[in-house]
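The values are calculated or read from the model by the stated rules, or taken from the named source; none is laboratory data. Since this is a predicted model, take the numbers as computed values, not measurements. When we count neighbours, we look across all protein chains shown, and the Cβ atoms used for this are built from the backbone with ideal geometry, even at glycine. Just so you know, the surface numbers come from the protein's heavy atoms only, side chains and all, with ligands and any DNA or RNA stripped out. Shrake-Rupley method; radii C 1.70, N 1.55, O 1.52, S 1.80 Å.
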Amino acid sequence: MNATLGTAPLGTGTLGTGTLARLALRRERGIAPWWILLIVSLSLAMVAYINRNMGTYELKLAYLKVIAGNPFLRAIGGGVVEPRLDVLATWRSGGFLYLAGALAALMSVIRHTRREEDAGRSELVLAGRVGRAAPLTAALLVAGGTSLIGGALTAAALIGAGLEPAGSLTYGGGIAVAGWMFGGIAAVAAQLSRTAHTATVIALTALGAAYVLRFAADVSGQAWLKYLSPVGWIHLVEPYQSERWWLLGVCVLVSAILYGAAYRLLARRDLGSGLLPERLGRESAPELRGPVSVAWRLHRALLLKWLTGVAVFALLGGALTAPARDLVSRPSIIVDNITHFLGIAAGEKMVAGYVWYLIMIIAYAVALYPVLMIVRLRAEETSGRAEALHATPMTRLRWASGHLLVTALGTAALMAVAGLAFGVLYSLTVGDLLTDAPAFLAGALSTVPAAWCVGAVCLLAYGLLPRAAVVIAWLAWILTTGLGQVVGPLYGLWGGSPAEPFHYIPNAMLATAFPLVPVAALLAITALLTGAGLLALRHRDFGT
(Lines give C-alpha, C1' and ligand atoms only; values in the text may rest on other atoms or scores of the structure.)
Protein backbone atom coordinates (compact mmCIF):
# COMPACT_ATOMS: atom_id res chain seq x y z
CA MET A 1 0.00 0.00 0.00
CA ASN A 2 1.15 3.51 -0.79
CA ALA A 3 -0.99 5.26 1.81
CA THR A 4 0.39 5.81 5.31
CA LEU A 5 -2.16 4.66 7.84
CA GLY A 6 -0.41 5.65 11.06
CA THR A 7 -1.03 3.89 14.36
CA ALA A 8 -4.22 3.35 16.38
CA PRO A 9 -5.92 0.58 18.32
CA LEU A 10 -8.12 -1.93 16.53
CA GLY A 11 -11.35 -0.78 18.08
CA THR A 12 -11.71 2.46 16.12
CA GLY A 13 -14.75 1.40 14.10
CA THR A 14 -14.64 2.28 10.41
CA LEU A 15 -11.65 4.64 10.54
CA GLY A 16 -9.64 4.30 7.32
CA THR A 17 -12.57 3.06 5.25
CA GLY A 18 -12.00 5.65 2.52
CA THR A 19 -8.39 4.65 2.05
CA LEU A 20 -9.23 0.95 1.91
CA ALA A 21 -12.13 1.61 -0.48
CA ARG A 22 -9.80 3.45 -2.86
CA LEU A 23 -7.34 0.57 -2.64
CA ALA A 24 -10.12 -1.94 -3.38
CA LEU A 25 -11.30 0.13 -6.34
CA ARG A 26 -7.78 0.17 -7.70
CA ARG A 27 -7.62 -3.62 -7.46
CA GLU A 28 -11.08 -3.97 -9.02
CA ARG A 29 -10.28 -1.86 -12.08
CA GLY A 30 -9.27 -4.95 -14.04
CA ILE A 31 -12.27 -7.06 -12.93
CA ALA A 32 -15.41 -5.01 -12.25
CA PRO A 33 -15.57 -3.25 -15.67
CA TRP A 34 -15.73 -6.61 -17.42
CA TRP A 35 -18.63 -7.77 -15.26
CA ILE A 36 -20.47 -4.51 -15.96
CA LEU A 37 -19.75 -4.79 -19.68
CA LEU A 38 -21.01 -8.37 -19.71
CA ILE A 39 -24.28 -7.43 -18.00
CA VAL A 40 -25.01 -4.36 -20.13
CA SER A 41 -23.99 -5.92 -23.46
CA LEU A 42 -26.04 -9.07 -22.89
CA SER A 43 -29.16 -7.05 -22.07
CA LEU A 44 -28.78 -5.14 -25.34
CA ALA A 45 -27.87 -8.27 -27.30
CA MET A 46 -31.12 -9.91 -26.21
CA VAL A 47 -33.16 -6.92 -27.37
CA ALA A 48 -31.42 -7.10 -30.76
CA TYR A 49 -31.98 -10.86 -30.91
CA ILE A 50 -35.73 -10.55 -30.29
CA ASN A 51 -36.03 -7.78 -32.87
CA ARG A 52 -34.07 -9.76 -35.44
CA ASN A 53 -35.73 -13.16 -35.03
CA MET A 54 -39.18 -12.32 -33.68
CA GLY A 55 -39.93 -9.00 -35.29
CA THR A 56 -43.71 -9.48 -35.60
CA TYR A 57 -46.44 -10.11 -33.08
CA GLU A 58 -47.27 -13.45 -34.74
CA LEU A 59 -43.71 -14.71 -34.33
CA LYS A 60 -43.66 -13.68 -30.68
CA LEU A 61 -46.98 -15.42 -30.09
CA ALA A 62 -45.77 -18.61 -31.79
CA TYR A 63 -42.64 -18.54 -29.64
CA LEU A 64 -44.73 -18.20 -26.49
CA LYS A 65 -46.77 -21.25 -27.46
CA VAL A 66 -43.56 -23.29 -27.60
CA ILE A 67 -42.48 -21.95 -24.20
CA ALA A 68 -45.89 -22.56 -22.62
CA GLY A 69 -45.82 -26.21 -23.66
CA ASN A 70 -42.46 -26.97 -22.04
CA PRO A 71 -42.01 -26.46 -18.27
CA PHE A 72 -38.21 -26.59 -18.53
CA LEU A 73 -38.01 -23.85 -21.14
CA ARG A 74 -40.56 -21.80 -19.22
CA ALA A 75 -38.47 -22.06 -16.07
CA ILE A 76 -35.23 -20.89 -17.73
CA GLY A 77 -36.40 -17.29 -17.79
CA GLY A 78 -38.86 -17.53 -14.93
CA GLY A 79 -42.14 -15.68 -14.52
CA VAL A 80 -44.97 -14.89 -16.90
CA VAL A 81 -44.10 -14.18 -20.53
CA GLU A 82 -46.00 -11.83 -22.84
CA PRO A 83 -45.59 -11.34 -26.63
CA ARG A 84 -43.83 -7.97 -26.20
CA LEU A 85 -40.27 -6.97 -26.96
CA ASP A 86 -39.45 -5.62 -23.50
CA VAL A 87 -40.94 -8.58 -21.64
CA LEU A 88 -39.36 -11.19 -23.92
CA ALA A 89 -35.93 -9.55 -23.84
CA THR A 90 -35.78 -9.26 -20.05
CA TRP A 91 -37.34 -12.70 -19.59
CA ARG A 92 -34.61 -14.26 -21.73
CA SER A 93 -31.73 -12.36 -20.11
CA GLY A 94 -32.93 -11.78 -16.54
CA GLY A 95 -32.28 -15.27 -15.26
CA PHE A 96 -28.61 -14.89 -16.19
CA LEU A 97 -28.07 -11.19 -15.40
CA TYR A 98 -29.42 -11.47 -11.86
CA LEU A 99 -27.02 -14.36 -11.26
CA ALA A 100 -24.12 -12.49 -12.88
CA GLY A 101 -24.70 -9.43 -10.68
CA ALA A 102 -24.95 -11.60 -7.57
CA LEU A 103 -21.83 -13.59 -8.45
CA ALA A 104 -19.75 -10.47 -9.16
CA ALA A 105 -20.65 -8.90 -5.79
CA LEU A 106 -20.20 -12.17 -3.92
CA MET A 107 -16.68 -12.74 -5.23
CA SER A 108 -15.70 -9.09 -4.70
CA VAL A 109 -16.69 -9.09 -1.02
CA ILE A 110 -14.79 -12.30 -0.29
CA ARG A 111 -11.79 -11.08 -2.28
CA HIS A 112 -11.45 -7.92 -0.16
CA THR A 113 -12.26 -9.49 3.23
CA ARG A 114 -11.50 -13.14 3.91
CA ARG A 115 -8.94 -13.52 1.13
CA GLU A 116 -7.01 -10.54 2.52
CA GLU A 117 -6.97 -12.21 5.93
CA ASP A 118 -5.75 -15.47 4.42
CA ALA A 119 -2.84 -13.65 2.80
CA GLY A 120 -1.92 -11.87 6.05
CA ARG A 121 -2.43 -8.41 4.59
CA SER A 122 -5.38 -7.56 6.84
CA GLU A 123 -3.23 -8.04 9.93
CA LEU A 124 -0.68 -5.56 8.59
CA VAL A 125 -3.38 -3.04 7.66
CA LEU A 126 -5.15 -3.26 11.02
CA ALA A 127 -1.86 -2.61 12.80
CA GLY A 128 -2.15 0.95 11.47
CA ARG A 129 -4.74 3.67 11.89
CA VAL A 130 -7.60 1.55 10.63
CA GLY A 131 -10.79 0.47 12.38
CA ARG A 132 -11.66 -3.18 12.87
CA ALA A 133 -14.73 -2.88 10.61
CA ALA A 134 -13.07 -0.75 7.91
CA PRO A 135 -12.04 -3.64 5.56
CA LEU A 136 -15.57 -5.08 5.61
CA THR A 137 -17.15 -1.65 5.08
CA ALA A 138 -14.83 -0.90 2.16
CA ALA A 139 -15.57 -4.26 0.56
CA LEU A 140 -19.35 -3.76 0.85
CA LEU A 141 -19.13 -0.23 -0.53
CA VAL A 142 -17.11 -1.31 -3.56
CA ALA A 143 -19.22 -4.39 -4.30
CA GLY A 144 -22.47 -2.49 -3.74
CA GLY A 145 -21.31 0.40 -5.89
CA THR A 146 -20.34 -1.95 -8.71
CA SER A 147 -23.79 -3.57 -8.55
CA LEU A 148 -25.47 -0.17 -8.60
CA ILE A 149 -23.44 0.97 -11.61
CA GLY A 150 -24.19 -2.28 -13.45
CA GLY A 151 -27.93 -1.90 -12.82
CA ALA A 152 -27.98 1.81 -13.66
CA LEU A 153 -26.05 1.38 -16.92
CA THR A 154 -28.31 -1.51 -17.93
CA ALA A 155 -31.39 0.63 -17.33
CA ALA A 156 -29.86 3.53 -19.29
CA ALA A 157 -28.89 1.23 -22.17
CA LEU A 158 -32.40 -0.24 -22.40
CA ILE A 159 -33.99 3.21 -22.29
CA GLY A 160 -31.62 4.24 -25.07
CA ALA A 161 -32.76 1.19 -27.05
CA GLY A 162 -36.34 2.48 -26.87
CA LEU A 163 -37.75 0.43 -24.01
CA GLU A 164 -40.10 1.91 -21.41
CA PRO A 165 -38.17 3.96 -18.77
CA ALA A 166 -40.11 2.74 -15.72
CA GLY A 167 -39.65 -0.91 -16.63
CA SER A 168 -35.99 -0.38 -17.50
CA LEU A 169 -35.34 1.23 -14.11
CA THR A 170 -37.12 -1.66 -12.40
CA TYR A 171 -35.00 -4.17 -14.29
CA GLY A 172 -31.81 -2.30 -13.43
CA GLY A 173 -32.93 -2.15 -9.81
CA GLY A 174 -33.33 -5.93 -9.77
CA ILE A 175 -29.76 -6.39 -11.01
CA ALA A 176 -28.46 -3.99 -8.35
CA VAL A 177 -30.29 -5.55 -5.39
CA ALA A 178 -29.17 -9.02 -6.47
CA GLY A 179 -25.59 -7.85 -5.94
CA TRP A 180 -26.44 -6.19 -2.62
CA MET A 181 -28.14 -9.25 -1.18
CA PHE A 182 -25.53 -11.79 -2.15
CA GLY A 183 -22.76 -9.38 -1.22
CA GLY A 184 -24.33 -9.46 2.25
CA ILE A 185 -24.46 -13.26 2.19
CA ALA A 186 -20.76 -13.32 1.23
CA ALA A 187 -19.97 -10.91 4.09
CA VAL A 188 -21.67 -13.24 6.58
CA ALA A 189 -19.91 -16.28 5.08
CA ALA A 190 -16.56 -14.50 5.44
CA GLN A 191 -17.13 -14.18 9.19
CA LEU A 192 -18.30 -17.78 9.64
CA SER A 193 -15.45 -19.51 7.83
CA ARG A 194 -11.73 -19.55 8.46
CA THR A 195 -10.61 -19.54 4.82
CA ALA A 196 -11.63 -17.77 1.62
CA HIS A 197 -12.26 -21.14 -0.04
CA THR A 198 -14.82 -22.17 2.57
CA ALA A 199 -16.45 -18.74 2.49
CA THR A 200 -16.76 -18.97 -1.30
CA VAL A 201 -18.30 -22.45 -1.08
CA ILE A 202 -20.85 -21.26 1.50
CA ALA A 203 -21.83 -18.19 -0.53
CA LEU A 204 -21.99 -20.06 -3.85
CA THR A 205 -24.05 -22.81 -2.23
CA ALA A 206 -26.52 -20.18 -1.03
CA LEU A 207 -26.68 -18.68 -4.53
CA GLY A 208 -27.12 -22.11 -6.14
CA ALA A 209 -29.83 -23.14 -3.67
CA ALA A 210 -31.71 -19.87 -4.26
CA TYR A 211 -31.59 -20.39 -8.02
CA VAL A 212 -32.64 -24.05 -7.83
CA LEU A 213 -35.57 -23.14 -5.58
CA ARG A 214 -36.69 -20.45 -8.02
CA PHE A 215 -36.25 -22.83 -10.96
CA ALA A 216 -38.24 -25.56 -9.18
CA ALA A 217 -41.06 -23.09 -8.55
CA ASP A 218 -41.37 -22.27 -12.25
CA VAL A 219 -41.02 -25.90 -13.39
CA SER A 220 -43.64 -27.20 -10.95
CA GLY A 221 -45.97 -24.23 -11.15
CA GLN A 222 -45.81 -23.79 -7.37
CA ALA A 223 -45.37 -20.02 -7.31
CA TRP A 224 -45.21 -19.88 -3.49
CA LEU A 225 -41.75 -21.48 -3.63
CA LYS A 226 -40.39 -18.28 -5.17
CA TYR A 227 -41.09 -16.42 -1.95
CA LEU A 228 -38.58 -18.72 -0.21
CA SER A 229 -35.76 -17.72 -2.59
CA PRO A 230 -33.90 -14.38 -2.79
CA VAL A 231 -33.51 -14.97 -6.53
CA GLY A 232 -37.24 -15.66 -6.68
CA TRP A 233 -38.01 -12.29 -5.08
CA ILE A 234 -36.15 -10.51 -7.86
CA HIS A 235 -38.01 -12.47 -10.55
CA LEU A 236 -41.30 -11.62 -8.87
CA VAL A 237 -40.60 -7.91 -9.39
CA GLU A 238 -41.55 -8.50 -13.08
CA PRO A 239 -40.23 -5.41 -14.92
CA TYR A 240 -42.41 -4.09 -17.75
CA GLN A 241 -45.34 -6.01 -16.26
CA SER A 242 -46.57 -5.75 -12.67
CA GLU A 243 -43.41 -3.87 -11.57
CA ARG A 244 -43.59 -4.72 -7.87
CA TRP A 245 -41.26 -2.03 -6.56
CA TRP A 246 -42.06 -3.02 -2.97
CA LEU A 247 -40.18 -6.29 -3.51
CA LEU A 248 -37.07 -4.29 -4.34
CA GLY A 249 -37.57 -2.59 -0.97
CA VAL A 250 -37.76 -6.01 0.68
CA CYS A 251 -34.47 -6.97 -0.97
CA VAL A 252 -32.85 -3.75 0.29
CA LEU A 253 -34.12 -4.48 3.80
CA VAL A 254 -32.77 -8.05 3.70
CA SER A 255 -29.43 -6.70 2.47
CA ALA A 256 -29.29 -4.31 5.42
CA ILE A 257 -30.06 -7.15 7.84
CA LEU A 258 -27.28 -9.27 6.32
CA TYR A 259 -24.81 -6.38 6.60
CA GLY A 260 -25.76 -5.87 10.24
CA ALA A 261 -25.33 -9.57 10.94
CA ALA A 262 -21.89 -9.54 9.30
CA TYR A 263 -20.76 -6.66 11.55
CA ARG A 264 -22.06 -8.41 14.65
CA LEU A 265 -20.25 -11.62 13.73
CA LEU A 266 -17.09 -9.66 12.95
CA ALA A 267 -17.08 -8.26 16.48
CA ARG A 268 -17.33 -11.77 17.97
CA ARG A 269 -14.39 -13.42 16.22
CA ASP A 270 -10.62 -13.05 16.25
CA LEU A 271 -8.73 -11.84 13.21
CA GLY A 272 -7.82 -14.76 10.94
CA SER A 273 -10.33 -17.11 12.55
CA GLY A 274 -13.91 -18.14 11.78
CA LEU A 275 -16.95 -18.85 13.93
CA LEU A 276 -17.61 -22.28 12.43
CA PRO A 277 -15.54 -25.16 13.86
CA GLU A 278 -12.65 -26.21 11.67
CA ARG A 279 -12.44 -29.77 10.38
CA LEU A 280 -8.97 -31.14 10.95
CA GLY A 281 -7.33 -33.22 8.25
CA ARG A 282 -4.72 -35.95 8.30
CA GLU A 283 -1.13 -35.04 8.95
CA SER A 284 1.88 -36.30 7.04
CA ALA A 285 0.00 -39.13 5.38
CA PRO A 286 2.27 -40.94 2.90
CA GLU A 287 -0.30 -40.62 0.13
CA LEU A 288 -0.23 -36.80 0.44
CA ARG A 289 3.49 -36.32 -0.15
CA GLY A 290 3.56 -36.25 -3.95
CA PRO A 291 2.52 -33.32 -6.20
CA VAL A 292 -0.42 -35.19 -7.75
CA SER A 293 -1.80 -36.35 -4.39
CA VAL A 294 -1.47 -32.86 -2.92
CA ALA A 295 -3.28 -31.34 -5.92
CA TRP A 296 -5.98 -34.02 -5.75
CA ARG A 297 -6.57 -33.37 -2.06
CA LEU A 298 -6.87 -29.64 -2.78
CA HIS A 299 -9.23 -29.93 -5.77
CA ARG A 300 -11.36 -33.00 -5.12
CA ALA A 301 -14.20 -31.24 -3.25
CA LEU A 302 -14.67 -28.67 -6.02
CA LEU A 303 -14.46 -31.35 -8.70
CA LEU A 304 -17.21 -33.35 -6.99
CA LYS A 305 -19.49 -30.30 -7.00
CA TRP A 306 -18.78 -29.71 -10.68
CA LEU A 307 -19.48 -33.35 -11.51
CA THR A 308 -22.83 -33.15 -9.75
CA GLY A 309 -23.85 -29.94 -11.50
CA VAL A 310 -22.78 -31.15 -14.94
CA ALA A 311 -24.60 -34.47 -14.50
CA VAL A 312 -27.82 -32.73 -13.44
CA PHE A 313 -27.74 -30.38 -16.46
CA ALA A 314 -26.98 -33.26 -18.83
CA LEU A 315 -29.87 -35.29 -17.44
CA LEU A 316 -32.20 -32.33 -17.89
CA GLY A 317 -31.01 -32.02 -21.49
CA GLY A 318 -31.70 -35.70 -22.06
CA ALA A 319 -35.18 -35.36 -20.56
CA LEU A 320 -35.95 -32.56 -23.04
CA THR A 321 -35.00 -34.64 -26.07
CA ALA A 322 -38.45 -36.20 -26.56
CA PRO A 323 -40.39 -32.89 -26.56
CA ALA A 324 -37.68 -31.35 -28.75
CA ARG A 325 -38.04 -34.16 -31.28
CA ASP A 326 -41.81 -33.66 -31.25
CA LEU A 327 -41.35 -29.92 -31.80
CA VAL A 328 -39.13 -30.25 -34.86
CA SER A 329 -41.52 -32.75 -36.43
CA ARG A 330 -44.08 -29.94 -36.86
CA PRO A 331 -42.67 -27.37 -39.33
CA SER A 332 -43.34 -23.74 -38.41
CA ILE A 333 -41.69 -20.34 -38.46
CA ILE A 334 -40.30 -21.00 -34.99
CA VAL A 335 -38.74 -24.26 -36.20
CA ASP A 336 -37.20 -22.38 -39.13
CA ASN A 337 -35.65 -19.90 -36.70
CA ILE A 338 -34.30 -22.73 -34.58
CA THR A 339 -32.74 -24.43 -37.60
CA HIS A 340 -31.09 -21.13 -38.52
CA PHE A 341 -29.85 -20.73 -34.95
CA LEU A 342 -28.39 -24.25 -34.85
CA GLY A 343 -27.00 -23.96 -38.35
CA ILE A 344 -28.40 -27.26 -39.63
CA ALA A 345 -31.21 -28.52 -41.85
CA ALA A 346 -34.62 -29.54 -40.53
CA GLY A 347 -35.55 -33.16 -39.95
CA GLU A 348 -33.64 -35.83 -38.08
CA LYS A 349 -30.43 -33.82 -38.38
CA MET A 350 -32.08 -31.08 -36.38
CA VAL A 351 -32.31 -33.37 -33.36
CA ALA A 352 -28.58 -34.00 -33.71
CA GLY A 353 -28.07 -30.25 -33.90
CA TYR A 354 -30.09 -29.76 -30.72
CA VAL A 355 -28.06 -32.46 -28.96
CA TRP A 356 -24.77 -30.91 -30.07
CA TYR A 357 -25.93 -27.47 -28.98
CA LEU A 358 -26.57 -28.72 -25.44
CA ILE A 359 -23.20 -30.49 -25.39
CA MET A 360 -21.54 -27.24 -26.43
CA ILE A 361 -23.32 -25.34 -23.63
CA ILE A 362 -21.83 -27.81 -21.16
CA ALA A 363 -18.42 -27.62 -22.86
CA TYR A 364 -18.22 -23.83 -22.63
CA ALA A 365 -19.19 -24.04 -18.97
CA VAL A 366 -16.63 -26.79 -18.29
CA ALA A 367 -13.94 -24.63 -19.92
CA LEU A 368 -14.24 -22.48 -16.79
CA TYR A 369 -12.96 -25.38 -14.66
CA PRO A 370 -9.30 -25.27 -15.87
CA VAL A 371 -9.45 -21.47 -15.61
CA LEU A 372 -10.38 -21.72 -11.94
CA MET A 373 -7.60 -24.22 -11.36
CA ILE A 374 -5.00 -21.83 -12.78
CA VAL A 375 -6.45 -19.08 -10.58
CA ARG A 376 -6.01 -21.49 -7.66
CA LEU A 377 -2.30 -21.84 -8.55
CA ARG A 378 -1.88 -18.09 -8.23
CA ALA A 379 -3.76 -18.08 -4.91
CA GLU A 380 -1.52 -20.84 -3.56
CA GLU A 381 1.53 -18.84 -4.60
CA THR A 382 0.47 -15.52 -3.09
CA SER A 383 -0.70 -17.13 0.16
CA GLY A 384 2.76 -18.62 0.78
CA ARG A 385 1.52 -22.22 0.94
CA ALA A 386 3.21 -23.13 -2.35
CA GLU A 387 6.51 -21.64 -1.17
CA ALA A 388 6.34 -23.80 1.95
CA LEU A 389 5.97 -26.88 -0.26
CA HIS A 390 9.00 -25.82 -2.29
CA ALA A 391 11.11 -26.02 0.85
CA THR A 392 10.71 -29.81 0.43
CA PRO A 393 12.07 -31.81 -2.56
CA MET A 394 8.92 -30.77 -4.47
CA THR A 395 10.12 -28.23 -7.06
CA ARG A 396 7.85 -25.60 -8.55
CA LEU A 397 7.61 -27.51 -11.84
CA ARG A 398 6.60 -30.72 -10.07
CA TRP A 399 4.10 -28.73 -8.01
CA ALA A 400 2.58 -27.06 -11.08
CA SER A 401 2.61 -30.30 -13.10
CA GLY A 402 0.67 -32.10 -10.38
CA HIS A 403 -2.04 -29.43 -10.50
CA LEU A 404 -2.10 -29.52 -14.30
CA LEU A 405 -2.51 -33.29 -14.42
CA VAL A 406 -5.40 -33.24 -11.94
CA THR A 407 -6.98 -30.34 -13.84
CA ALA A 408 -6.66 -32.06 -17.23
CA LEU A 409 -8.12 -35.34 -15.97
CA GLY A 410 -10.84 -33.49 -14.09
CA THR A 411 -11.87 -31.59 -17.22
CA ALA A 412 -12.04 -34.84 -19.20
CA ALA A 413 -14.03 -36.49 -16.41
CA LEU A 414 -16.57 -33.64 -16.43
CA MET A 415 -17.25 -34.00 -20.14
CA ALA A 416 -17.29 -37.80 -19.89
CA VAL A 417 -19.97 -37.63 -17.17
CA ALA A 418 -21.93 -35.13 -19.25
CA GLY A 419 -21.78 -37.35 -22.33
CA LEU A 420 -22.74 -40.51 -20.46
CA ALA A 421 -25.60 -38.90 -18.51
CA PHE A 422 -26.99 -37.21 -21.61
CA GLY A 423 -26.47 -40.27 -23.81
CA VAL A 424 -28.01 -42.80 -21.44
CA LEU A 425 -31.17 -40.75 -20.85
CA TYR A 426 -31.44 -39.97 -24.57
CA SER A 427 -31.12 -43.67 -25.36
CA LEU A 428 -33.81 -44.61 -22.85
CA THR A 429 -36.27 -42.09 -24.29
CA VAL A 430 -35.82 -41.95 -28.07
CA GLY A 431 -32.64 -43.82 -29.02
CA ASP A 432 -30.67 -47.04 -28.71
CA LEU A 433 -28.37 -47.56 -25.72
CA LEU A 434 -25.68 -49.58 -27.51
CA THR A 435 -25.16 -47.09 -30.33
CA ASP A 436 -26.20 -43.70 -28.96
CA ALA A 437 -24.52 -43.74 -25.53
CA PRO A 438 -21.00 -44.30 -26.99
CA ALA A 439 -21.69 -41.64 -29.63
CA PHE A 440 -22.65 -39.11 -26.96
CA LEU A 441 -19.56 -39.98 -24.93
CA ALA A 442 -17.27 -39.55 -27.97
CA GLY A 443 -18.98 -36.28 -28.91
CA ALA A 444 -18.58 -34.83 -25.43
CA LEU A 445 -14.93 -35.91 -25.20
CA SER A 446 -14.17 -34.31 -28.59
CA THR A 447 -14.62 -30.89 -26.94
CA VAL A 448 -12.06 -31.55 -24.19
CA PRO A 449 -8.97 -30.38 -26.17
CA ALA A 450 -10.64 -26.98 -26.69
CA ALA A 451 -11.25 -26.64 -22.94
CA TRP A 452 -7.63 -27.66 -22.29
CA CYS A 453 -6.49 -25.00 -24.76
CA VAL A 454 -8.33 -22.30 -22.76
CA GLY A 455 -6.56 -23.51 -19.62
CA ALA A 456 -3.21 -23.50 -21.42
CA VAL A 457 -3.68 -19.83 -22.35
CA CYS A 458 -4.31 -19.08 -18.67
CA LEU A 459 -1.19 -21.06 -17.67
CA LEU A 460 0.94 -19.05 -20.10
CA ALA A 461 -0.40 -15.83 -18.59
CA TYR A 462 0.34 -17.18 -15.10
CA GLY A 463 3.91 -17.97 -16.07
CA LEU A 464 4.64 -14.71 -17.89
CA LEU A 465 2.43 -12.13 -16.11
CA PRO A 466 1.56 -13.49 -12.65
CA ARG A 467 0.13 -10.22 -11.33
CA ALA A 468 -2.33 -10.00 -14.23
CA ALA A 469 -2.92 -13.75 -14.50
CA VAL A 470 -6.30 -13.79 -12.72
CA VAL A 471 -7.72 -10.99 -14.89
CA ILE A 472 -6.35 -12.55 -18.08
CA ALA A 473 -7.73 -15.98 -17.11
CA TRP A 474 -11.25 -14.66 -16.57
CA LEU A 475 -11.02 -12.58 -19.72
CA ALA A 476 -9.92 -15.61 -21.74
CA TRP A 477 -12.98 -17.59 -20.65
CA ILE A 478 -15.39 -14.66 -21.10
CA LEU A 479 -14.12 -14.01 -24.64
CA THR A 480 -14.19 -17.72 -25.48
CA THR A 481 -17.80 -17.94 -24.37
CA GLY A 482 -18.89 -14.59 -25.76
CA LEU A 483 -17.40 -15.29 -29.20
CA GLY A 484 -18.48 -18.91 -29.23
CA GLN A 485 -21.12 -20.96 -30.96
CA VAL A 486 -23.63 -20.73 -28.11
CA VAL A 487 -23.67 -16.98 -27.37
CA GLY A 488 -22.47 -15.73 -30.77
CA PRO A 489 -25.78 -16.30 -32.61
CA LEU A 490 -27.51 -13.92 -30.17
CA TYR A 491 -25.79 -11.03 -31.94
CA GLY A 492 -25.47 -12.53 -35.43
CA LEU A 493 -22.12 -14.34 -35.08
CA TRP A 494 -23.27 -17.67 -36.48
CA GLY A 495 -20.86 -20.55 -35.96
CA GLY A 496 -18.75 -18.64 -33.45
CA SER A 497 -15.46 -16.87 -34.09
CA PRO A 498 -12.14 -18.35 -35.29
CA ALA A 499 -10.53 -16.59 -32.31
CA GLU A 500 -11.84 -19.22 -29.87
CA PRO A 501 -10.82 -22.93 -29.83
CA PHE A 502 -14.30 -24.50 -29.83
CA HIS A 503 -14.84 -23.03 -33.30
CA TYR A 504 -12.60 -25.78 -34.70
CA ILE A 505 -14.51 -28.69 -33.14
CA PRO A 506 -17.02 -30.00 -35.74
CA ASN A 507 -20.44 -31.34 -34.80
CA ALA A 508 -19.51 -34.86 -33.69
CA MET A 509 -23.18 -35.91 -33.63
CA LEU A 510 -23.36 -35.42 -37.40
CA ALA A 511 -19.84 -36.59 -38.28
CA THR A 512 -19.30 -40.14 -39.51
CA ALA A 513 -15.89 -40.43 -37.83
CA PHE A 514 -14.14 -38.95 -34.82
CA PRO A 515 -12.68 -35.51 -35.76
CA LEU A 516 -8.99 -36.40 -35.46
CA VAL A 517 -7.38 -33.47 -37.32
CA PRO A 518 -8.85 -30.56 -35.32
CA VAL A 519 -8.41 -32.46 -32.07
CA ALA A 520 -4.74 -33.19 -32.86
CA ALA A 521 -4.14 -29.55 -33.83
CA LEU A 522 -5.67 -28.27 -30.60
CA LEU A 523 -3.64 -30.77 -28.58
CA ALA A 524 -0.44 -29.58 -30.25
CA ILE A 525 -1.27 -25.91 -29.55
CA THR A 526 -2.16 -26.78 -25.96
CA ALA A 527 1.15 -28.61 -25.49
CA LEU A 528 3.12 -25.63 -26.84
CA LEU A 529 1.28 -23.14 -24.62
CA THR A 530 1.66 -25.41 -21.58
CA GLY A 531 5.37 -25.89 -22.18
CA ALA A 532 5.90 -22.15 -22.62
CA GLY A 533 3.93 -21.45 -19.44
CA LEU A 534 5.93 -23.93 -17.37
CA LEU A 535 9.20 -22.61 -18.78
CA ALA A 536 8.23 -19.04 -17.86
CA LEU A 537 7.21 -20.20 -14.38
CA ARG A 538 10.54 -21.90 -13.88
CA HIS A 539 12.58 -18.80 -14.71
CA ARG A 540 10.58 -16.03 -13.03
CA ASP A 541 10.65 -14.93 -9.41
CA PHE A 542 8.17 -16.88 -7.29
CA GLY A 543 5.75 -15.17 -4.94
CA THR A 544 5.73 -11.85 -6.81
First compute the accessible area of segment 367-451 with a 1.4 Å probe, then give the percent of it belonging to carbon and sulfur atoms. 71
Accessible carbon and sulfur surface of segment 32-84 relative to its total accessible area, %, 1.4 Å: 70
Heavy-atom accessible area per residue, segment 193-313, 1.4 Å probe: how many Å²? 55
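Which net charge results when you count Lys and Arg as +1 and Asp and Glu as -1 among the other residues whose beta-carbon is under 10 Å from that of Thr200?
Around Thr200, the surrounding residues sum to +3.
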Can you tell me the order of 138-147, 37-46 when each peptide is scored by its average per-residue count of other Cβ atoms within 10 angstrom, highest first? 138-147, 37-46
Which trypsin sites (Lys or Arg not before Pro) does segment 190-255 hold that lie in a coil by DSSP with at most 16 other beta carbons within 10 Å? Arg244
Protein accessible area in segment 182-237, 1.4 Å probe - carbon and sulfur %: 75
Going by average Cβ neighbours within 10 Å, how do the peptides 518-530, 91-103, 460-472 rank, with the highest at the top? 91-103, 460-472, 518-530
